[in-house]
Amino acid sequence: MALLTNRLVATSIDILTYIRYSAFYILYPLGSGSEYMLMLKGFPSFPSKSAAIATKGGWNLLSAKGVPACKVFFQRVKVWVTSWDGGARARVPFVFIWPAGKFVVF
């Protein structure tokens, strides 16, 4: 009887160990990806095209004919970056360092 009990316990431990280390491959990227999304959510939202054009320098883009889309995009980025507070500016290095560190760990 003791031998049967020992075999059942050993088998259940092996199954639990297998599930534990196999679930890591699914749960770790899922958790780290959601953590990264929360980090990015801490930044102010990206401005709309109309908000970027409504700025002081944005009206110059409207008055010129045939303005490339990249100029409008860069104006949006400029408005976005100037709206950051000190906390957002302090998080910028982590946006680039954190994924590389997670890649090395995984």
ask   = Quick one: which of 26, 19 is at pLDDT 85 or above, loosely packed, with under 10 Cβ neighbours inside 10 Å and in a helix (DSSP H, G or I)?
value = 26
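Let's see how each residue does on (1) in a helix (DSSP H, G or I); (2) more than 17 Å from residue 48 (Cα to Cα); (3) small (Gly, Ala, Ser); (4) more than 14 Å from the chain's Cα centre (by Cα):
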{"residue": "77", "(1), (2), (3), (4)": "yes, no, no, yes"}
{"residue": "81", "(1), (2), (3), (4)": "yes, no, no, yes"}
{"residue": "90", "(1), (2), (3), (4)": "yes, yes, yes, yes"}
{"residue": "100", "(1), (2), (3), (4)": "yes, yes, yes, no"}
{"residue": "103", "(1), (2), (3), (4)": "yes, yes, no, no"}
task = Would you check which residues across the range 83-95 are farther than 16 Å from residue 33 by Cβ and open to solvent by 100 Å² or more (accessible area, probe 1.4 Å) and list them?
result = 89
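The values are calculated or read from the model by the stated rules, or taken from the named source; none is laboratory data. Quick caveat, the model's predicted, so the values are computed rather than measured. Every residue, glycine among them, receives a Cβ derived from its backbone with ideal geometry; neighbour counts consider all protein chains shown. Ligands, DNA and RNA are excluded from the accessible area calculation, which covers all protein heavy atoms including side chains. Shrake-Rupley method; radii C 1.70, N 1.55, O 1.52, S 1.80 Å.
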